[in-house]
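Take a look at the structure below.
The values are calculated or read from the model by the stated rules, or taken from the named source; none is laboratory data. Bear in mind the structure is a predicted one, so any value in this text is a computation, not a measurement. Glycine also receives a Cβ, built like all others from the backbone with ideal geometry; neighbour counts cover every protein chain displayed.
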Amino acid sequence: MWFEQMIRSETGCASYMIGSTKSGECLVFDPLWDVAPYLDMAKKRGARIRYVIDSHTHADHVSGARRLAKLGHGELVMPQLAEIAYPATRIGHGHTLQIGEVLLESLHTPGHRPEMVSLLVTDRSRSQHPWCILTGDFLMVGDLGRPDLALDGEQGAEMLFDQALPRLLGLADYVEVYPGHVAGSTCGRVTSGKTITTVGFERRFNWYLQLRDRPLFVAEMNAEQPARPANVTNIVAINQGRQPLTLGKPHAPAVSPAAAIKAIHDGALLLDVRPPARFAAGHLPGAYNTPLASPNFEQWVGWLTPPTAPLLLLAEHEADYDLALHKLAFLGLDQRVQGVVQGGNRALAALHRPLRRLRQLRVHQARERHVRRSHRRPLHILDVREQAEWDGGHIDNAHHVSLKELAERMGQLPFAQSDPVAVVCASGVRSSLAASMLLHHGYQ
């Protein structure tokens, strides 16, 4: 048996390929939308993809399972209880699949979602006992998958406690665990940098596996969960087949600057994906600055744009549009892009409209305005970092609103639209995005 683990660190997603050296076949488990890495790996191994399996209907990314199957690479396999509108082979608890010397047994491990299955793997060239388990979003390193994305959080946690955990804890300590998410995921609270663990280590050191009191377990599983995944409703609908899936290369038509202005007037939102310094030097009023270079580019677009608003893209270089659409496709956001503005930087000049500037303050300038209060109108500081970053140290008397919460708390900010405000984060990306949102909503 051969084994490959593939991780997309920006979103904390992990997917797997397991192959049989005997039969020359392999399976792909929980593939991401971009299927090229799986095809490349299969080619490198000289293997044929036999099965493509999703552990559940994902809520945080668009699955690549149907893309692989449509391309003729593998039989599509889905959990028995998955609510999908397309044909697939179904597996439930105790069902088995086989590729050469590798035996795969499905375990129903509900809670994160009702249909969730884990895959118990036995390499019979070494032993008749299971070697590892692919747990999807059920069990992660030091955590369990959040129970509130498909069900009421209490109901999901009860399913974890009553059904999923007994099946896990019945396995031997030596069984290796390969989770569907690592640090950085919004499907749980995992912070460990490790990407694998064992049943025995989790049995002994995972706090949630220590809890024997059911009500306490339910309460703990619903405490301090991260923000919901970006674009979650649309992602689930795509993965269930209720909304279209982008099968080929994402595409959006080129639009002229004049057409872009009309689309914005009709309700489209312009995403200026240039670097913050370029945006600050001059941008079209009302644009959001979502820098393409940010590793969380598509996450910010999903979190912070209205879920039904058509999108337009303005990039520094024409080649950036392909990359932007490719990244957006991971979350199904490419389908909302109504057009890309021709000309990049040149398009702004072609618009023949006054551009807005966003002043960038040096630290000492901000201190002068904020601490010494030497100006008639003192400067408000808005810190848009995450709670843990704020707790680790922040500017005295600053206001704190996580960027992920800014849109919903826009009407509750503790300063007037005409007040001077400086926005701060860790690197300048989130603060530029937040400042562009404030400008969009009338702050001066």
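Odds and ends about this structure:
- Residue check: ALA157 meets all listed conditions (1) modelled with pLDDT under 90; (2) touching a Pro at 6+ places or on another chain (Cβ under 9 Å) but one, namely (1).
Rundown of residues vs (1) in a helix (DSSP H, G or I); (2) among the basic types (Lys, Arg), yes/no style:
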position: ARG353; (1), (2): no, yes
position: ARG385; (1), (2): no, yes
position: GLU405; (1), (2): yes, no
position: LEU433; (1), (2): yes, no
position: GLN444; (1), (2): no, no
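- Cβ-Cβ under 7 Å pairs, at least 6 apart or on other chains, the stretch 312-326 side touching a residue at least 24 places away in the same chain (Cβ under 8 Å) and in a strand (DSSP E or B), far side crowded, with 23+ Cβ neighbours inside 10 Å and of a type in the set (Phe, Trp, Tyr): LEU313/TYR321
- For the residues SER432, SER418, SER436, the requirement of being without any contact (Cβ under 8 Å) to a residue 60 or more places away in the chain and hydroxyl-bearing (Ser, Thr, Tyr) singles out SER418.
- Segments classed as strands (runs of 3 or more DSSP E), wholly inside the stretch 27-144, with at least 1 members that are buried (at least 24 other Cβ atoms within 10 Å of the Cβ): 48-53, 75-79, 102-108, 117-123, 132-136
- Taken over the stretch 355-368, residues that are surrounded by 14 or more Cβ atoms within 10 Å (Cβ to Cβ) and part of a loop (DSSP other than H, G, I, E, B) amount to 3.
- In this structure, ALA293 does not satisfy being at pLDDT below 95, among the aliphatic types (A, V, I, L, M) and more than 25 Å from SER185 (Cβ to Cβ).
- Flag if GLN338 is modelled with pLDDT of 90 or more, more than 18 Å from LEU438 (Cα to Cα) and surrounded by 13 or more Cβ atoms within 10 Å (Cβ to Cβ): yes
- Condition met for PHE201 (of a type outside the set (Val, Ile, Thr), in contact (Cβ under 8 Å) with a residue 40 or more places away in the chain and farther than 30 Å from PHE297 by Cα): no
- Verdict on GLU115 being in contact with a strand residue (DSSP E or B) (Cβ under 8 Å, 6 or more places away or on another chain) and modelled with pLDDT of 95 or more: yes
- Residue within the stretch 266-276 that is under 25 Å from VAL423 (Cα atoms), surrounded by fewer than 20 Cβ atoms within 10 Å (Cβ to Cβ), among the small types (Gly, Ala, Ser) and in contact (Cβ under 8 Å) with a residue 40 or more places away in the chain present: no
- The stretch 295-311, residues that are part of a helix (DSSP H, G or I) and polar (S, T, N, Q): GLN299
- Taken over the stretch 407-431, the criterion of being in a loop (DSSP other than H, G, I, E, B), in contact with a helix residue (DSSP H, G or I) (Cβ under 7 Å, 6 or more places away or on another chain) and of a type in the set (A, V, I, L, M, F, W, C) is satisfied by ALA407, CYS425, ALA426.
- Hits in the stretch 378-389 (condition: within 19 Å of LEU304 (Cβ to Cβ) and surrounded by 15 or more Cβ atoms within 10 Å (Cβ to Cβ)): LEU382, ASP383, VAL384, ARG385, GLU386, GLU389
- Identification of helices (runs of 4 or more DSSP H) wholly contained in the stretch 159-227 with 3 or more residues that are not assigned by TED's automatic domain parsing to the domain that holds HIS108 yields no element.
- Verdict on VAL371 being of a type in the set (A, V, I, L, M, F, W, C) and either surrounded by 15 or more Cβ atoms within 10 Å (Cβ to Cβ) or under 32 Å from the mean Cα position of the chain (by Cα) (or both): no
- Test: residue in the stretch 362-385 that is touching a residue at least 60 places away in the same chain (Cβ under 8 Å) and either in the same structural domain as VAL401 (by TED's automatic domain parsing) or of a type in the set (Gly, Ala, Ser) (or both): no
- Scanning the stretch 228-275 for residues that are assigned to a loop (DSSP other than H, G, I, E, B), of a type in the set (Lys, Arg) and within 27 Å of ARG357 (Cβ to Cβ) yields a count of 1.
- Any hit, the stretch 226-246, residues being surrounded by fewer than 16 Cβ atoms within 10 Å (Cβ to Cβ), of a type outside the set (Asp, Glu), within 30 Å of LEU165 (Cβ to Cβ) and in contact with a helix residue (DSSP H, G or I) (Cβ under 7 Å, 6 or more places away or on another chain): yes
- The single residue among VAL28, VAL62, VAL35 that is without any contact (Cβ under 8 Å) to a residue 40 or more places away in the chain and under 25 Å from the mean Cα position of the chain (by Cα) turns out to be VAL35.
- Subset tally (residues that are in contact (Cβ under 8 Å) with a residue 60 or more places away in the chain and either more than 30 Å from the chain's Cα centre (by Cα) or more than 20 Å from GLU4 (Cα to Cα) (or both)) for the stretch 94-125: 9
- Taking the numbered list (1) farther than 27 Å from VAL273 by Cβ; (2) modelled with pLDDT of 95 or more; (3) touching a His at 6+ places or on another chain (Cβ under 7 Å) in turn, GLY392 passes all entries but (3).
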